[in-house]
Structures are given as structure tokens and as C-alpha cells.
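The structure under discussion appears below in the form of C-alpha cells.
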Amino acid sequence: MKLKKITALGMALVMAASLAACGGKSPDASGGGAAANDTSDAGDASAGDTADAGDASEEQPQVAPGAKGTIEFWTVFTGADGTSMQAMIDAYNATNPDYTVNHRAMEANDLYLKMPLAIQSGEDVPDVCINHVERVPLFQEQGFLVDYNNYLEGSAISSANYNPKAWEMTELAGGHYGIPLDVHSYALYVNMDLYEKYGNGVMDDGVLTWDEVNSVADACVADEIMPIGMAWLRVKFLASYAQMGGTLSTDGNTPDFNNETAIQVLDNWVKLREAGYTQKEGDDPWQLFLAGKVMFCPEGIWMYNNVKEAGLNAKIFDYPVFDAGTKGNWTSSHQFVLPKNDNRDDEKTKAVLDFIDFMGNNSLEWAKAGQCPAHVSIKEVAEFKDMPQAFLADENEELKIYDYKYYGYAVESLDTVLGEVLWGRMTPEEALNQAVQETKDKIEMSE
Amino acid sequence: MTKVSAAKSAAKRKKQLVPYFFIAPHLLLFLIFFLIPMFYGIYASFTKWDLFGSPQWVGLKNYATIFTNQESTFYRQFWNGLKNTVIFVLICVPFQILIPLTIAILLDKRPKGRNIFQGIFYMPTLFSITSVTLTWLFIFNRSLGLFNHLFGTDVNWYGEQPYAWMTIVITTLWWGLGGNLIIYVAALSGIDRSILEAAALDGASGLKKFWHIIIPSIKFPLTYTIIISIISQFNIYGQPLMITGGGPNESTYVLLMYIRNLAFGTGKSVAGMASAMSTCLGLLIGVVSVFQLILMNRKED
């Protein structure tokens, strides 16, 4: 009898344990799924590196605290860029600061969920986070972020040290809410070997117009070379649209990007597709570009390491334009933000600013990861001058950064329709109207 | 007399307690991770909520939008998502029953290497949906993929219908084959051989044996797998997300993708509306399952 009872109890325990194990497993599984979505995230620079995101996000490196403690630093760098970031942080920690920096990398989507939750609960709030610049306006409005202006005086950080455009985008509601780490633009890659053969000197003035694309395209097509690749349509739309002065919302609230300018951008795509100047649906133009079968291929500057690995003779230029006078590249920026936390004293906040300043002054490593650092000191580094993205460091108005509060809604709605326009299943008007409607409806639901 | 019966009933009560020990862990986890979140989700569906602030009660407004406001994006998304989900269930579930059942019957004939085959068929089930879809993405890639290369076709597998659905369904079938298969194999091996032999002696054909002996004998596992398959396919998400991204023209955009985007998208969360949609989906799945259970019970009587 007793034996039976013991066995029963034992089995119940085993079952409990095995069930608990099942419960523990499920978050992992869903995490794997989430990794796949990441390309849809706002300006995620590490879009190409999401493959090993799963492992990186699990890691919780611990550094020995400095004399006064540690700074908890959350970033979205889970791929190869995470290694570069860690190297920079290690360099900082090697200077024996009062507060050593503990780096925690996680999926961008996770960070944008965990950061607000931590701030609201007031527990385990990170001391400094990396946010994509598009995220900052909404977080600021929701009251999650601390105004840097309270601390800039007496700190080495000042607007003069940073790319003006990247700095200006986080000037919000009379305060300053982000210090830029970098600017990362979506630019144009040109296969120089193919260009020699088919280019007809159209890049001589350093900028490619859509008319020029059309003028050289037939020669390429005749030799089964694709003139131009069209992928990641969201940023292509946003780049051209911004070049022509378009905005997602005129008053900063109501979306109104269903207008003539936007239609003109999309009409141009339809023409390219109809003429057979771009890839067939289902093909990945970047893979074809790396295989040397595409002459012009717009992509993010952070993808340059792919080109290097493929041994391709390619250069980076500004994104194609309608009019040679209106250059413009869709750009995002990784920004250091200060999450609100009543338990962080001023001394620690000052230490955080020192850390941010150090990162700005020692950003060559970040440039090697394919980014364009936002701190001016990088322009003095000889090694950086030879990098293909160096020209972006001098650009200002050409960097088209969107600061629409509801950018997230707008780009999500654009993502579902832009492909349909390119492949001729929706007219530009239909697509833009649907996208604007969707954005409006979501705004209404969230207010 | 009373003493004896009292002692008996005490013993009985003691015995009755033991089963609860067995179900207690599961019940507890069920409560914490399923029942409470479920009720909270239903509550959230009557609110406007961004996941961070406190939910703001709006009554039936979310449901009214989904069901009546034809102008609204949410109306369009809900009905389009539901339609696509139902289409997927209708295409996928019959194959998900028939293919494993056929294989199970073949395996039941005890061919050489039966266990190896069973292992091979079961293996994909062990992989995560991410790696399964990646495999099939490579196979169906338009210009670099195995399929088009092998057969000299130029099919745009993810971007055109009906290929987009075919790709999703094939991936799902390959992934989920093993689960139903082992249930059928087990059920088939439980059938009393003597009945089959007797039927054969009486001159029953293979098909007759299948309809009149095999199917009735495995009726219970069969119904179970049908219900489970339908429930799991109603919850389809990963395959269309990774393979087609919902295209072409949102024709493979399933309901859970919309729900997920609303609740955990790039912008501020629209969790109230997302909860309303998932409550509807949950109700639908519940109704379908209950209907099937009733049907099964009636046949039994």
C-alpha cells in the first residue's frame, strides 16, 4: 500500500517536472518565429544578421562591476554587429571606469517590448538603450525617456560633435532625447565591372537618375544582365518620396501620403517592371547582384561586408533620383536613449554620458561593421576615409530620416501593398489609399 | 453496518483523492498559463489597450467594427484573414489525415525496414517551423531553387496563386505528417488480426475491410486526429509568414498574422482589437470542435 503511494507521488512529481519542462520550451519556440519577422522592423540595421539572433539574445554577459557599479546597456545588435559593439564596450571597460558597462543584446522587437515594461514596473530598468530613431518620438510622448538637456551641460557631449541631421531628429518637444551612434542609409551599389561595359558614363556626375537607368537598361537586358534590383520596397518608396519633398503626414498626426508625389514614385516602378528592367517576381536581386548578374542594386550600406566577401568590384553611391539636384537616401540612426528610472542617481547618469562620449570618439570599430558613425571624430580617421560609406559622413540634408510618430503603422501598411503595386496587382492609387486608411484606423484605435 | 460502510466510504474517498494528485500539476499550469490569460484576453477584447497603459473599456465597439464597419481596415483584415485561414484548413486537413493514414496502412503490412521508414516520416515533426520553412524556401526559390532547377520550370512559387498555397500546404504536410502517423500506426496495430482474417475468409475485399473493419476500429483516434489537426491548422502562422509574407495580394495573409501585427507590430500596440479578433477565432475553433464531438458521439449511439 505504502509503496503504491510513494510510486504515485513519484510519478506525479515526474509529470510535474516534465510539464514544467514543456512550459519552459515554448518561449524558445515562439522566439524562433519572431526572429523571422525582424526584417519588418523599422530600419533594423542588423536585418541581415538575424540568423544567429536566437543564441545571442539568450546570453547575459556579466562584467565585474567597477568601483561604483555597472551600467546596464541594452542594444538591438544580435548579429555580427553585436561582436563589434562588444569590442567597443570591452575597450571602454578596459579604461577602468567607475561604472563598467554590461552589454545585453536582444531582438529589436523584444527590446521595444521589454524596455517600456521595465520602465513601467520600475524593476531592472536598463541605464541606457539603443533605439532606432523612428521609435524615439512615440516613446518620448509616452513618457518613457529622460531629457538629455538636463545633463548635457558640463558633459563632453554636444550637438557640434555629431552629424547634424541625426542629432536634430531627436530634438522633441523642447527637449533632447537621443544621442546618435550612427547613421545608416539605404544607398546604391554599382557593379563597376558591368558598369564599365554597359554604363555609358551615366555615373560620371556621381548620381544616377531614373532616366539614366532606362537609357542603359536595354543593353544590359540584351546580355541577360538585370539593370536594377528592386527589393525592400518600403525604403525605396520612402527614399524617392522624401527626395521629392513628400512626408508621411503634413500635420504630424493624420497620414496623407496618398498623393500625386507618391503616385509618381510608384508609377516609375511600374514602368521599370513593364519594361523588364528589374527582377522577376520571386527572385532575390541582392543574391543575383552578389553573383554579378545585376548592374545597379540599391541596398543598405551595412550590407557592404557581403560584397567584400563575394569579391565583387562594387562601389556605393547615393540612391537613384528623379532629378540630379535632389539627392536623398533613406536613413535611420541608432540612438542612445535614457530610460526613465527614479533609482538612477545623477552621478550614474553622468557616467552614462561619459560612456556615450567614449563610444563616439572611438567608433572606427563601428564603421568596420558597415555603419557610418555619427560622431564627427570619425572623419579624421584615415582608415575610415577609404571606406565605401565614408561619403555619408559629410551628408546632411541628403539623409532622409523620418520622424513621423506613427511611422511604425505607416510602414507596416506600406509593406503589404508596395509589392502588389510593383507586380501589377494593385494600382498605385488603390495601394496608397488602403495604406493610408490602415494607418488612420490604427491611430484611431491607439489614441 | 454503519461502521463498515463508513470505513468503506473513507477508503473510497481516499482513493478518489489520488487521481487529483495526478492531474494537479497540469491543472495548475493550465490555470496559470491558459485559463487566466484566456479570460484576460477576452476582457481585453472589450477595451482599447496599448499593452502598457491600463485598458480603457469600450464595450462591444471592437466587435462592432469587426462585424459591421465595412469601411474599417480591421473589418477587411478580419474577414480576409478568416477567409484565408478557412481556405487553408479546408485544403490542408484532408491531406493531413489521408496521407498519414495511407502510409500507416502500408506500414501495417510490415514491410522490411518498417521502423526506419516510420522514423524518417516522423523526423520532420521534430524540427522547428523556422528550419522546416527555410528548407522549403530553398527548394522552391525561383531561380536558385531545387525544384525549378530539377524540372526545368520557372514557377514563381511564393508570389503567385495557386502555387503560394501549394508551397504552404506542402511545407505543412511534410512537417506535420509524423504526428498523425504514429497515432494511426499504433491504432492499426491494435486491431484484432483474427477479425481481419475472418473477413478475408468470407471473401471481403481490401476496400471492404478498410471501410467496415479498419475505419470503425480506429474511429476514436481518427476523430481525435481530425479535431487536433483542425485546431492546429486554424492556428497557422509561421509558414505563410516566412514563405509568402501574406502575398500575393494578401491572399495568404492568415488571421493570426493580422492579430500578431496588431498586437506586436512596429507601431503602438492595438491589443484590444487584436484580442477581439483572437476571441472570435477561438470561439470558431471551439464551435467546430464541439460540433465534431457531437457528431462522433451520435454515431456511437
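Read the figures in this text as sums done on the coordinates, not as results from a lab. Keep in mind that this is a model prediction, so the values were computed, not measured. Cβ coordinates were reconstructed from backbone atoms using ideal geometry, including for glycine residues, and neighbour counts include every protein chain displayed.
Name the most mobile residue of A:ALA217, A:ALA105, A:ALA374, meaning the one with the largest mean-square fluctuation, in a Gaussian network model of chain A with Cα contacts below 10 Å.
A:ALA217
Taking the Cα centre as origin and putting +1 on Lys and Arg beta-carbons and -1 on Asp and Glu beta-carbons, what dipole magnitude results for chain A, to the nearest 20 debye?
1460 debye
Got a sec? How would A:HIS184, A:HIS132 order by Cβ neighbour count within 10 Å, fewest to most?
Neighbour counts put them in this order, fewest first: A:HIS132, A:HIS184.
Return the average number of partner chain Cβ atoms within 10 angstrom of each residue Cβ along peptide A:434-447.
6
Sum -39500 (n - 2.57) across every DSSP H segment of at least 4 residues in chain A, then divide by the residue count to get the 222 nm mean residue ellipticity, nearest 500.
Dividing the helical sum by the residues of chain A leaves -14000 deg cm²/dmol.
Among the lysines, which have Cα under 20 Å from the Cα of B:LYS15 when same-chain residues fewer than 8 positions away are ignored?
A:LYS2, A:LYS4, A:LYS5, B:LYS3
Under a point spin-label approximation (7 Å from Cα along Cα-to-Cβ), what is the B:ALA186-B:ASP202 distance to one decimal in nm?
Each label point lies 7 Å from its Cα, and together they span 3.0 nm.
In what sequence do B:PHE210, B:PHE88 fall when counting other Cβ within 10 Å, fewest first?
Working: B:PHE210 13, B:PHE88 22.
In increasing order of surrounding Cβ atoms, one gets B:PHE210, B:PHE88.
Along the charge dipole of region B:57-300, Cβ charges K/R +1 and D/E -1, which of B:THR135, B:GLN233, B:ILE294 sits furthest on the positive end?
My answer, from the dipole projection, is B:ILE294.
Quick one: grab the alpha carbon gyration tensor of chain B, order the square roots of its eigenvalues as a ≥ b ≥ c, and give me rounded if a/c is under 1.5, else prolate or oblate depending on whether a/b is larger than b/c.
Values: a/c = 2.17, a/b = 1.11, b/c = 1.95.
It comes out oblate by the Cα gyration axes.
If you plug each phi of region B:123-139 into the Karplus form 6.51 cos²θ - 1.76 cosθ + 1.60 with θ = phi - 60°, what whole-Hz ³J(HN,Hα) values come out, in order, with x for Gly and Pro?
3, x, 4, 6, 7, 6, 4, 4, 6, 4, 5, 4, 4, 6, 4, 5, 5
Restricting to DSSP H runs of at least four residues, report the calculated mean residue ellipticity at 222 nm for chain B, -39500 (n - 2.57) per run over all residues, nearest 500 deg cm²/dmol.
Helix-only estimate at 222 nm: -23500 deg cm²/dmol.
Label 7 Å along Cα→Cβ of B:HIS212; region B:170-196 residues with amide nitrogen under 15 Å?
B:195-196
Got a sec? Charge dipole of the protein assembly as shown, +1 on Cβ for Lys and Arg, -1 for Asp and Glu; which of A:PRO428, B:PHE21, A:VAL216 is way out at the positive end?
B:PHE21
Using each residue's phi in region A:250-256, evaluate 6.51 cos²θ - 1.76 cosθ + 1.60 at θ = phi - 60° and report the 3J(HN,Hα) Karplus result to the nearest Hz, with x for Gly and Pro.
With the stated coefficients, region A:250-256 comes to 5, 9, x, 10, 7, x, 8 Hz.
Determine the dipole magnitude for the protein assembly as shown: charges of +1 sit on the beta-carbon of Lys and Arg, -1 on that of Asp and Glu, nothing else is charged, the reference point is the Cα centre, and the result goes in debye to the nearest 20.
Rounded to the nearest 20 debye, it is 6020 debye.
Given the pairs A:LYS340/B:LYS268; A:LYS400/B:LYS268; A:LYS440/B:LYS61; A:LYS280/B:LYS83; A:LYS68/A:LYS114, which span a C-alpha to C-alpha distance of over 21 angstrom in this model?
A:LYS400/B:LYS268; A:LYS280/B:LYS83; A:LYS68/A:LYS114
Return the sequence-ordered ³J(HN,Hα) values of region A:328-336 in whole Hz as given by the Karplus equation 6.51 cos²θ - 1.76 cosθ + 1.60 applied to θ = phi - 60°, using x for Gly and Pro.
Couplings: x, 10, 4, 9, 10, 8, 7, 10, 7 Hz.
Based on the Cβ-Cβ distance of A:GLU397 and B:ILE36, what FRET efficiency does E = 1/(1 + (r/R0)^6) give at R0 = 60 Å, to the nearest 0.05?
The value I calculate is 0.65.
Straight-line reach from A:LYS348: which aspartates and glutamates fall under 13 Å, measuring Cα to Cα and dropping same-chain residues less than 8 apart?
Partners found: A:GLU72, A:ASP98, A:ASP127.
Among A:ASN361, A:ASN343, A:MET295, which residue has its Cα furthest toward the positive end of the charge dipole of region A:293-361, with +1 on Lys/Arg Cβ and -1 on Asp/Glu Cβ?
After comparing all options, I get A:MET295.
Determine the dipole magnitude for region B:57-300: charges of +1 sit on the beta-carbon of Lys and Arg, -1 on that of Asp and Glu, nothing else is charged, the reference point is the Cα centre, and the result goes in debye to the nearest 20. List each step's numbers first, then the result.
Working: 16 positive and 9 negative charges, 59 e Å.
Computed charge dipole of region B:57-300: roughly 280 debye.
Quick check: the distance between the Cα centres of region B:193-222 and region A:174-207, to the nearest angstrom?
71 Å
Can you tell me which of B:ASP202, B:ASP50, B:ASP108 moves the most in a GNM of chain B? Springs connect C-alpha atoms under 10 Å apart.
Maximum fluctuation in the GNM of chain B, among the listed residues, is at B:ASP202.
Please build a GNM for chain B, connecting alpha carbons under 10 Å apart, and tell me which residue among B:LEU98, B:LEU177, B:LEU31 fluctuates the most.
B:LEU31
Under the rule of at least 5 residues apart or a separate chain, name every residue whose amide H is placed under 5 Å from the amide H of A:GLU299.
Distant-sequence amide H within range of A:GLU299: A:ALA187, A:LEU188, A:TYR189.
Fewest first, what order do B:LEU284, B:LEU101 take by the number of other Cβ atoms within 10 Å?
The most exposed by this proxy come first: B:LEU284, B:LEU101.
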